[in-house]
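Below is one structure; the comments refer to it alone.
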Amino acid sequence: MIVMEHVTKSYAKDKPPALKDVNVDIEAGEFVFCVGHSGSGKSTLIKLLTREILPTDGTIVVAGQDLSQMKNWKVPYLRRNIGCVFQDFKLLPNKTTYENVAFALEVIGRSRHVIRTQVPEVLRLVGLEDKGPSYPDELSGGEQQRVSIARAFVNRPPLLLADEPTGNLDPNTSLGIMSLLSRINKTGTTVLMATHDREMVDSMRRRVIALENGKVIRDQDRGVYGYGD
Amino acid sequence: MAISPGYFLKEAGVSFRRNWVMSLGAIITIFFSLLLVGTFVITGILIQEILASVEEKVMIQVFLKDGYAPEDLDPLQTSLVEDARINSVEYVSKEQALERFKEQTADSPEIVDQLPNNPLPASLEVELVDPEDVEAVVVDIKAHPNFVNLIANPEDPEKDLKYGAEIIDKLFQLTNVVRVVVIVLVAMLVFVSMIFISNTIRLAIYARRKEIAIMRLVGASNWFIRMPFLLEGVMQGLIGAALAIGVVVVMRQWLVPWLSDTLPFLPVTLSAGATAQLGLILAAFGVAIGLIGSIFALRRYLRV
């Protein structure tokens, strides 16, 4: 699903690179944590995978497509295969839950019929079937994150990227989000989650890729957060 | 992809209402620049017609003295006939000149009757292919060796050589000046309207930056993201053009009849066909301005 070979990314010439010679291979259907301190390169990694930025060096292949060779106009079609979840939810405040999720289908040209069947289905999956008419500011943080996961998943992408999805949530709510992501993973979707939620990582016992100063310092199946600090 | 055009229209309309002050500014500047273009084209058409009618009257007349020697006339006439710039050369005898004069004064035949003998000179009437050559041909006629022998006033040949030089010259000068002034004005106004449009589009982009970010996130195609903004620019251009076309139609209704009343000696008409053509030109101009203005904004402020 994701193959990164000798990937280096520097934002400026006079600064050390954000990522340095990163090699990662993630199979379809895996659930992977990407951990590290702030500034270790987690967000850069996610942005590289959605081709928001291009690597300075190395090759990245996502879902069989080489990102550095990819034409600009094809990028949107890549992103339809990648669901994205963020710490700050990125919901539209003037749209209801239903509309926020439907928006993701509307703008890629899905028919009304598809929207009408898929949106309620995904809302049921995230447990918000009765919150359709609510606006984001009427929802709790956890509920808002569920909406944003519903939006990321409504198109059934084979890959889901989550950048600190529990960063703004309390531990109990985070747990709910984690079990939701697990469920999504069980449907066959590859999930890559950047986080620094130590307890979460330790309790889940999934593959962990640890970054430090832009380098992969550990890649471990059924791993823990590590960093004995 | 099954995207209904309704979506784009709705989006463009919403943003139009959101920034209506800016949109109004854009529309008004487009309106003015297109109005200028329209007035310019109309003036051009009118001047063209006036010029054509005046040009028809441009003819070089060489008046011959009484009792000129025909052997002097023949070489001049032959050289004129052979000149490529000259359409026709007609010899008008004294008798023919008198006939014409009689026709022109048919209302009051006593004028002719009172004439003791025929005072009108014979003449050569030279018609040109292109009226702009008139000066050159006149110079050539004057330089012809037989010319002085044929005319009554060799010391002042201007008296015996008539052509509508002054009118033509002034009209050409006037139209050239008008042309330059209007082109400069229109270029400036077009530039300003493009800046206006690109500004309204920039505001529209800013107002929707969150939606745009999410659209990019979920993989909306670049054209899908750009389309509402392009449409908004085009809409502004079209509305400006519609206003300008309206004013042009009104001008045609009121101004042209008034002009032809005030200037009866000039043929001031503007056909329906020409007006329709002008309308199309203005609409095309409006769309182009709107399109270029919004493309400019998209390139600067919307990286998709």
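Readers should treat all values here as calculations from the given coordinates under stated rules, not as data from a laboratory. This is a predicted model, so every value here is computed, not measured. Quick reminder, even Gly has a Cβ in these numbers, built from the backbone with ideal geometry, and neighbours come from all protein chains shown.
Legend: calculated FRET efficiency, A:Lys13 to B:Val178, from the Cβ-Cβ distance at R0 = 51 Å, rounded to 0.05, equals 0.35. Excluding same-chain neighbours fewer than eight residues apart, the lysines reachable from B:Lys159 by a Cα-Cα span under 17 Å are B:Lys65, B:Lys142. Relative to the Cα centre, the charge distribution of chain B, modelled as +1 at Lys and Arg Cβ and -1 at Asp and Glu Cβ, gives a dipole magnitude of about 4360 debye. Scanning chain B for DSSP H helices at least 30 Å long along the axis (C-alpha atoms) with a Kyte-Doolittle mean no lower than -1.0 picks out B:20-57, B:165-207, B:222-262, B:272-301. A P(r) calculated from all alpha carbon pairs of segment B:180-304, with 5 Å bins opening at zero, reads 2, 10, 16, 16, 14, 11, 9, 7, 5, 4, 3, 2, 1, 0 percent. Restricting to DSSP loop positions (anything but H, G, I, E, B) with no more than 13 other Cβ atoms inside 10 Å of their own Cβ, which trypsin sites (Lys or Arg not before Pro) remain in segment A:2-64? Of the trypsin sites (Lys or Arg not before Pro), the ones in loops of segment A:2-64 whose Cβ has at most 13 other Cβ atoms within 10 Å are A:Lys13. Amide H contacts for A:His37 (H built 1.01 Å from N in the peptide plane; partners 5 or more residues away or on another chain; cut-off under 5 Å): none found. Label-to-label distance, A:Arg198 versus A:Lys95, with points set 7 angstrom from Cα along the beta-carbon direction: 3.9 nm. Available extension along the chain between A:Glu27 and A:Thr56 is 8.0 nm, counting 0.36 nm per residue and deducting the alpha carbon span. I'd like the GluC sites (Glu not before Pro) in segment A:127-211 restricted to DSSP loop residues with at most 15 other Cβ atoms within 10 Å, sorted by number. Listed in order of number, the matching sites are A:Glu129. Pairs of Cα atoms in chain A fall into 10 Å distance bins, from 0 up to the last occupied one, in shares of 8, 33, 36, 20, 4, 0 percent. Calculated [222 nm] ellipticity per residue, helices only, for the protein assembly as shown: -18000 deg cm²/dmol; basis is -39500 (n - 2.57) per DSSP H run with n ≥ 4, divided by all residues, nearest 500. Within the same chain, aspartates and glutamates fewer than 8 places from A:Lys13 are excluded, and of the rest, those with a Cα less than 19 Å from its Cα are A:Asp21, A:Asp57. A crude spin-label estimate for the pair A:Gln220 and A:Arg205, with each label 7 Å from Cα along the Cβ direction, gives 1.4 nm.
One chain, two ends: A:Asp137 and A:Thr187. Fully extended at 0.36 nm per residue, the span grows by 15.0 nm beyond their Cα-Cα distance.
Counting only alpha carbon atoms, the long axis of helix A:171-186 and the longest principal axis of chain A meet at about 90°.
Residues whose amide H falls under 5 Å from that of A:Glu52, counting only those 5 or more places apart or on a different chain, are absent, with hydrogens built in the peptide plane. Whole-percent P(r), chain B, all Cα pairs, 20 Å bins from 0: 25, 33, 23, 15, 4, 0. Stokes-Einstein diffusion for the protein assembly as shown, with the hydrodynamic radius set to the Kirkwood value over Cα pairs and evaluated at 20 °C in a medium of 1.002 mPa s, equals 70 µm²/s. The mean number of Cβ atoms from other chains found within 10 Å of a Cβ in peptide A:103-116 is 4, as a whole number.
Volume per residue for segment B:59-163 equals 107 cubic angstrom (convex hull of Cα atoms).
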